[in-house]
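Only the coordinates and a few stated rules stand behind these numbers; no lab work does. Keep in mind it's a predicted model, so treat the numbers as computed, not measured. Positions of Cβ are backbone-derived with ideal geometry, glycine not excepted, and every protein chain shown enters the neighbour counts.
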Amino acid sequence: MTAPAVPLETAPPPRRWDPVVKLTHWTIVGAILANGLITEEGSSPHVWVGYALAATLALRLIWGVIGPAEARFTAFPPSPARALAHLREIAQGRRSQHASHNPLGALMVYAIWSTLAVIVVTGVLMANAPAEAKGPVAAPPAAEAAAVHSEAREPDEIGEEAEEQEGAEGHGEEGPLAEVHETAVNLLYVLILLHIAGVVFETRRSGRRIVLAMLPGRR
Ligand code: HEM
Ligand code: HEM
């Protein structure tokens, strides 16, 4: 006799996530750390890390359609109703199993991915936009200032000064893309804090060391 099929929603959680989920998770974490802490905003390393992040996110999203059952979107649908039910469950001290992210975690995952998508789209648009489309550029005032004090100086010296000023001031007043990019980055930081708090909370509540499932090691 075969055992009755367990519905995916209530099947036991993965002992280990599959290698693609693990790899994309930690690559995305690395890219965010690199662009948030190390690369200079808008520099070519920033943009290259950005493209790597975009490719990794795309891979994870494709995996959400063709990957193993627990990695698929169908295993963790974005459902506020289920998330509320999950909150009630927490309040009542009940615990049910989820083959993938729990319903609250699922909402967080989609929120993080959507925010990353906004960051990627605005970043790519800025990276490919002509300078003036990014917002009023610092160059004209710098060039003006240089023109006023330009007696007895070579034109390339003036150019250098203008460049230095632009470097110090970034791209001057921010264009709408940069505003959206930055706001999304700040939102992402809030989501990440909540995500890590959620992981700690779930580890304590369930007694399962869910971080282990995301670390290298056999499934
Ligand atoms: C999650 C990863 C990322 C973080 C933490 C991040 C962070 C930032 C921040 C804080 C700025 C300054 C925004 C401002 O001017 O106020 C910036 C600018 C910029 N970012 Fe990102 N970024 C990320 C991803 C990307 C991606 C994916 C791309 C494109 C492939 C990108 C391209 C750019 C460009 C071109 C600018 C220059 C904006 C300007 O000209 O002022 N970024 N980034
Ligand atoms: C930049 C910071 C981070 C971001 C953007 C992030 C994002 C994500 C995303 C999108 C997922 C869903 C994975 C998938 O289905 O592909 C996830 C899951 C997970 N993350 Fe993170 N994460 C970050 C940092 C961390 C850290 C520092 C830890 C460890 C303390 C961690 C532990 C986990 C765990 C355990 C899961 C699986 C949760 C579950 O069992 O449902 N994450 N994270």
> What is the local net charge at Leu116, summed over the other residues whose Cβ is closer than 15 Å to its Cβ (Lys, Arg +1; Asp, Glu -1)?
Replying inline: 0
> Between Phe201 and Ser96, what is the spin-label point distance in nm, taking each point 7 Å from the Cα along the Cα→C-beta axis?
Replying inline: 1.9 nm
>> Output wanted: per-residue J couplings in Hz (rounded whole) for segment 98-110, from phi through Karplus 6.51 cos²θ - 1.76 cosθ + 1.60, θ = phi - 60°, x for Gly and Pro.
In response: 9, 5, 10, 5, 5, x, 6, x, 4, 4, 5, 4, 5
> Between Asp18 and Arg209, what length comes free when the chain is fully extended (0.36 nm per residue of separation minus the Cα-Cα distance, one decimal in nm)?
Replying inline: 67.1 nm
> Label Ser114 and Ser44 with points 7 Å out from Cα along Cα→Cβ: what is the distance between them in nm?
Replying inline: 3.6 nm
>> What does the charge count around Arg72 come to, taking other residues whose C-beta lies under 12 Å from its C-beta (Lys +1, Arg +1, Asp -1, Glu -1)?
In response: -1
